[in-house]
Amino acid sequence: MTLYMGPSSLSTKAPWRALHSKLPARLANMKAEIVAIGTEILLGEIVDTNSSWIAQQLPALGIDLNHTTVVGDNMGRLIETLGQAWGRSDLVITTGGLGPTEDDLTREAICQLLAEQPYIVPDLEKRLRGFFEQRGIQMPDSNIKQAWLIPSAHAIENPRGTAPGWWTEQDGNIIISMPGVPPEMMRMWTHEVAPELEGRSGEVLITRTLKTAGIGEGTVDEMAQPIFNLPGIGVGTYARADGVHLRIGAKAPTQEEALRLIEPAERELIAIFGDAIWGQDEDTLEGFITRTLLSRGQTVATFESATGGSLASTISDAPLASKAFAGGLVSAKWDKEFNTASEKTATLMATTARERLGSDYGVGISGEMDSEPTMEQPGTIFVAIAGPSSSRCTKIVMAQGRVATKRRAITTALMLLRSSVLEEE
């Protein structure tokens, strides 16, 4: 592909700073499409988490997502896919294909799609060479294409990597191209892309999620019926591993107006469900438990077999967990005192954790993952809680493999611990 030196005005300033001056009028009901680029995704070598993450960000910007596509590193198929997306969507978001190698073809495909020649931007080249110089490495010649632009594109800053993104805009349509590396893509979206897109669709969608525990999905749906017909909102119920979630959504020209529509529904749902609501939006069970224990000056300790310390790891992920988590113990099969999967063993483990680590609550997990004639069937887990005044134990059986059983055991332990902590109040 032939390069030419583009307009001098574009090469004398940081290219991404020109975005604000080119904002078009609002596009009502902006329709978006995501194109994930990479043969490694098609081969199943990596999972496309980028598309899922971006899809979750679009509603708050009032942008409707109509299509997602995965395409490999093949120029013909990539141009065909981008051309189809360009023809039917206002906004096309791509991830991947911005690296320096021959199979990184996103820039080349956009050039051919729009029939524009790329040129090297001196400012981008300087930054790119500086990136390698700071690390004492000579920049490979192939990296120079990461300093390309075309007349319809502006660079999007990427301080976490060598590949700037492209914001390509022509006749009211936009292609936003970001790296496939998730930390680079997420930072670029949050700090550079989302602020530019905000307000372009003429409306935003705001959602609020309330998380309940101890009530079945059907019952939650029935209890929430009084608010289903409130004007201007939509409500849905979703069964999740940590309980049943209630999601309230509202569209409006601004976030403030959407929140005003949501607030009456949220207040009524809180009145209906009361203590069954344990959190909202991004709250986690481990976070709820940690906050509750901190407010009381209490702690929890764990003793696990079968789950190998996964519960301790999960609790320690919560903010300020070090102030509420006294520690964790892990038992191996050779430990004769704790080598049988049973309610008695799990209860003894919970009590032992509480006594040895000096905590207010102890959690014990005893289970059988593998087939042994003298043990419970594989996938059998006992979870016990020892609290200041009482103990309890529950049994679960899963035949979905080791990983799924461990996840279910952790969630069960957190739900049981939550219930015990609330009852001891």
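All of the numbers you see were taken from the coordinates with simple rules; none came from a lab. This is a predicted model, so every value here is computed, not measured. Virtual Cβ from ideal backbone geometry, glycine too; neighbours counted across all protein chains shown.
What the table below lists for this structure:
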item: Environment charge of Glu263, counting only residues whose C-beta is closer than 13 Å and scoring Lys/Arg +1, Asp/Glu -1; result: -1
item: Under 14 Å between alpha carbons - lysine pairs in the chain that sit 8 or more apart or on different chains; result: 5
item: Full-stretch length increase - Glu102, Arg267 - with 0.36 nm per residue and alpha-carbon distance subtracted; result: 53.8 nm
item: The range 266-425, relative contact order [Cα under 8 Å, separation at least 6], %; result: 20
item: Additional length obtainable on full extension of the chain from Leu42 to Lys344, 0.36 nm per residue less Cα span; result: 103.9 nm
item: Ranked by how many other beta carbons lie within 10 Å on average, peptides 409-419, 299-309 from highest; result: 299-309, 409-419
item: Pairwise FRET efficiency - Arg392 versus Ser313, Cβ, R0 = 22 Å, nearest 0.05; result: 0.40
item: Karplus 3J(HN,Hα) series, Hz, for the range 34-47 with 6.51 cos²θ - 1.76 cosθ + 1.60 (x for Gly, Pro); result: 10, 10, 8, 10, x, 4, 5, 6, 4, 7, x, 6, 9, 9
item: Sorted by Cβ neighbour density within 10 Å, fewest at the top, the residues Tyr119, Tyr361; result: Tyr119, Tyr361
item: Reported label for calculated Rg and Dmax of the Cα atoms in Å given [x] 23.0, 77; [y] 30.8, 107; [z] 26.9, 79; result: [z]
item: Residue exposure sequence - Ile248, Ile385, Ile46, Ile272 - by fewest surrounding Cβ within 10 Å; result: Ile46, Ile272, Ile248, Ile385
item: For the chain, with +1 on Lys and Arg beta carbons and -1 on Asp and Glu, the positive-most of Ala341, Gly130, Leu105 along the dipole; result: Gly130
item: Ranked list, fewest to most other Cβ atoms within 10 Å of each Cβ, for Thr314, Thr290, Thr68; result: Thr68, Thr314, Thr290
